[in-house]
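These notes are about the structure you will find just below.
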Amino acid sequence: MEKSGAERNRTENGGSTLLNVADLVDNDTHLNLKCIHCKRCGSKLVRDAVATLLEDRKISMPSMHKKHEGSDKQEESDTFWMLKNLMEFENVGVTHTVDSIKYLCCADCEVGPVGLTLVDKNDEYLVAADRVEYR
Ligand SMILES: [Zn+2]
């Protein structure tokens, strides 16, 4: 299977869900106002007031899928929640390294990737804002 991080296979289906992050972020601290949960099983990934909103990145990741199913499609996200280390998550799974990227998935149902971290920048864990839900 030919696969790499980066820009390949970007989908053009306009799949960006309309996410109103303004309702989800504290304007002063840029921290998340609500807990971040897995869209599929509802498991809590991050509690409130832990992750910092980033809107200056565009990163492509494989489409969401269950572990072992695989996905060749890439989808771009441009809004992320940043955490500094794995201890800041309530619950998260980390994949093996692919092209110096580790993807984050739900520790309970293994759906992912919901985010990623770069191996040479491991003080930055990014969760794609449109791949999770908020409560
Ligand atoms: Zn889950």
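The values are calculated or read from the model by the stated rules, or taken from the named source; none is laboratory data. Keep in mind the model is a prediction, meaning the values are calculated, not measured. Don't worry about glycine lacking a Cβ; one is built from the backbone with ideal geometry, like all the others, and counts go over all protein chains shown.
Of the residues making up the stretch 55-93, those that are of a type in the set (D, E, K, R) and farther than 15 Å from ALA129 by Cα are LYS66, LYS67, GLU69, ASP72, LYS73, LYS84, GLU88, GLU90. For the stretch 63-115, the candidate set comprises residues that are outside any loop (DSSP other than H, G, I, E, B) and within 11 Å of the ligand (Cβ to nearest atom); within that set, the residue that is farthest from the chain's Cα centre (by Cα) is LYS66.
Could you list, in sequence order, the residues of the stretch 77-93 that are of a type outside the set (A, V, I, L, M, F, W, C) and surrounded by 16 or more Cβ atoms within 10 Å (Cβ to Cβ)?
Of everything in the stretch 77-93, those that are of a type outside the set (A, V, I, L, M, F, W, C) and surrounded by 16 or more Cβ atoms within 10 Å (Cβ to Cβ) turn out to be SER77, THR79, GLY93.
Just the residues that are free of Cβ contacts under 8 Å to residues at least 60 places away in the same chain and either surrounded by 13 or more Cβ atoms within 10 Å (Cβ to Cβ) or over 19 Å from TRP81 (Cβ atoms) (or both), please, taken from the stretch 50-71.
VAL50, THR52, SER60, PRO62, SER63, HIS65, LYS66, LYS67, HIS68, GLU69, SER71
The condition of being more than 19 Å from ASP23 (Cβ to Cβ) and either in contact with a helix residue (DSSP H, G or I) (Cβ under 6 Å, 6 or more places away or on another chain) or modelled with pLDDT of 95 or more (or both) holds for VAL114.
Checked against (1) over 15 Å from LYS39 (Cα atoms); (2) touching a helix residue (DSSP H, G or I) at 6+ places or on another chain (Cβ under 6 Å), PHE89 passes all but condition (2). Within the stretch 24-56, the set of residues being within 12 Å of the chain's Cα centre (by Cα), more than 14 Å from the ligand (Cβ to nearest atom) and in a loop (DSSP other than H, G, I, E, B) comprises just one member, ALA51.
Tell me, please, whether a residue that is modelled with pLDDT of 85 or more and not aliphatic (A, V, I, L, M) can be found in the stretch 1-16. No, the stretch 1-16 has no match at all.
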